[in-house]
Amino acid sequence: MSILHNKIMNMKPSTLPAAPAKAATQPIRAKQPSAPIDAFLISADGRVKNTKISLDLAPVIKAYGNVIVPADASSMLTFQIQKQYTENVTLAAMLKDKGFKAAYQAAK
């Protein structure tokens, strides 16, 4: 055994260094994100994609020129029909749905 190991083993408990005291502060807790919902992601160039996203991220996405619009049944049906016949669903096609148009105007 090494000399240092022997010295440590022969020390009295009162001479050993004390463990650091725990901080008396409250732990920092992160804000819980809202539950993800079905929504439409409208890019700056007018393309529309459906996604499942938390609305807490909407301000961040809006800062990059995109818009998040919550999906309802009629707008989701309009999206699915448009997607069936065209490869890319456009904002102009989606604005024909009254529910989507109202939600888009509110989110914009």
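Worth pointing out:
- The set of residues in the range 34-75 being closer than 18 Å to K101 by Cβ, part of a strand (DSSP E or B) and not charged (D, E, K, R) consists of A39, F40, L41, I42, V48, N50, V67, I68, V69, P70.
- Check on T90, at pLDDT 90 or above, under 19 Å from the mean Cα position of the chain (by Cα) and surrounded by fewer than 16 Cβ atoms within 10 Å (Cβ to Cβ): no
- Single residue of the range 63-97 satisfying the filter (free of Cβ contacts under 8 Å to residues at least 12 places away in the same chain and charged (D, E, K, R)) that is nearest to L41 (Cα to Cα): K83
- Taken over the range 76-107, the criterion of being among the aromatic types (F, W, Y) and either in a strand (DSSP E or B) or over 12 Å from N50 (Cα atoms) (or both) is satisfied by Y85, F100, Y104.
The values are calculated or read from the model by the stated rules, or taken from the named source; none is laboratory data. Since this is a predicted model, take the numbers as computed values, not measurements. Neighbour counts are summed over all protein chains in view; Cβ atoms, including those assigned to glycine, are modelled from backbone coordinates with ideal geometry.
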